[in-house]
1. May I ask you to give the percent of accessible area on the chain that is carbon plus sulfur, with a probe radius of 1.4 Å?
2. Set Lys and Arg Cβ to +1 and Asp and Glu Cβ to -1, take the dipole of the chain about its Cα centre, and tell me which of 193, 53, 104 lies farthest positive.
3. So how strong a dipole does the chain carry about its Cα centre when Lys and Arg Cβ are +1 and Asp and Glu Cβ are -1, to the nearest 20 debye?
4. Number of Lys-Lys pairs in the chain under 21 Å by Cα, sequence gap 8 or more or different chains?
5. Under a plain spin-label model, where a point goes 7 Å from the Cα along Cα-to-Cβ, how far apart in nm are residue 70 and residue 110?
6. Residue 25: accessible area at probe 1.4 Å, nearest 10 Å²?
7. Positive end of the charge dipole of the range 6-112 (Lys, Arg +1 and Asp, Glu -1 on Cβ, about the Cα centre): tell me which of 69, 20, 79 has its Cα farthest that way.
8. Roll a 1.4 Å probe over the protein chains and send me the accessible area per residue for the chain in Å².
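The values are calculated or read from the model by the stated rules, or taken from the named source; none is laboratory data. Just so it is clear, the model here is predicted, and its values are computed rather than measured. All Cβ positions, even for glycine, are placed from backbone atoms using ideal geometry, and neighbour counts span all protein chains on display. Areas reflect the complete protein model, heavy atoms only, side chains present, ligands, DNA and RNA absent. Shrake-Rupley method; radii C 1.70, N 1.55, O 1.52, S 1.80 Å.
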Amino acid sequence: GSYAKLPYSPESGLEYTSNMLEAKWSHNYGWNPAYIVPISNISMNPSSKMLMYGQQVFDILKASMGFDNRIRLFRPRLHLNLFRKSAERLALPDFDDEELLQCIKQFVLSEAALIPPAYSNASAEIRIVLAGISPTIGVEPSKEALLYVHMIRHTPQTLLQYTTPKNVYIDPQFARSWPGSLGQYQTLTNFAPTLYVNHIAQSMGK
């Protein structure tokens, strides 16, 4: 496998695979076969359910290279189980999580060159996304969906954001989760609202 930086992130310090895994679903025909295709920007109708109503879920796996030159995925079944529950909560199509795992393994093997060597203390991030893409008007489940998987290489520099100690700003007026909410699911609405709170924390020197 080869890797390259996508044009829209030249200064991110992250490297992306040149390919991605892609599978499409429709209400009438179910899931199409999954394919490994060249990575590209996602094109969809401006009225798609993902853009208009946030009908999208995602999760992230980590792939590391061992000193025995074998690739290891960190808790993939637990992640895919949560991913499947998140999809169900947002009325996205169901799928066989074990079959998806096998597809992801084949994709990771095809892009193994992106995984940093064991001595580097770095890893590759496997990002999994499932989105409703129907352009129909109305608040109803999408009749079409797109699942895609791509990989990003982390370097020791980009991993610092996860290992550097941080102060925590806690304010009860900004509740991210409560009984019956989406806090336990991997949805867009769990992350976008935190950006404003993070801005407040940064302005306070947190």
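1. 56 percent
2. 193
3. For this selection, approximately 400 debye.
4. Lysine pairs meeting both conditions in the chain amount to 12.
5. So the label points at residue 70 and residue 110 sit 2.4 nm apart.
6. 50 Å²
7. Going by the charge dipole, the pick is 79.
8. 61 Å²
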